[in-house]
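Read-outs: derived from the displayed coordinates by stated rules, not from any lab. Model, not experiment: these values are computed from the prediction. Glycine gets a Cβ as well: all are built from the backbone with ideal geometry, and neighbour counts include every protein chain shown.
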Amino acid sequence: MKVKNLRPLDVLDLRRIGYCPPWFSDIMIPTSYNLEQAIINWIEQNLKSRFYIDTVLGIIDGKTSKVLKIAFEDPKELSFFTLACPHLKYK
């Protein structure tokens, strides 16, 4: 078995956290079918720090609806995510 990019947070299962601390940088995007799992897979393969992702109630375009809140501990990773994630192109 070949292991690539072994990271301490992955080994300890501490990368994805269940709450969003106030110091995390976040973005909210409209939800669609199976988008959450695709984004989680992309984050786990391409980024390194801790992150939060969940469906929450938010306001987009002046309307209240369910949105996907994605937050990162490192603000640089949020910038990279918004520029490089292919799942955000079609939103």
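Brief remarks on what is shown
- Computed over the range 22-79, relative contact order equals 48 percent, with contacts defined as Cα pairs under 8 Å that lie 6+ residues apart.
- Taken one residue at a time, the phi angles of the range 18-30 give Karplus couplings (6.51, -1.76, 1.60, θ = phi - 60°) of x, 9, 10, x, x, 8, 6, 8, 10, 9, 10, 10, x Hz. Gly and Pro are set to x.
- Between the amide H of Asp54 and those of Lys69, distances stay under 5 Å, these residues lying 5 or more places away or on another chain, with hydrogens modeled in the peptide plane.
- Sum of side-chain charges, Ile53 neighbourhood, beta-carbon under 14 Å (Lys, Arg +1; Asp, Glu -1): -1
- Per principal axis, descending, Cα span of the range 22-79 in whole Å: 33, 26, 15
- Each of the peptides 45-57, 68-80, 16-28 was scored by the mean count of other Cβ atoms within 10 Å over its residues; in descending order, highest first, they stand as 68-80, 45-57, 16-28.
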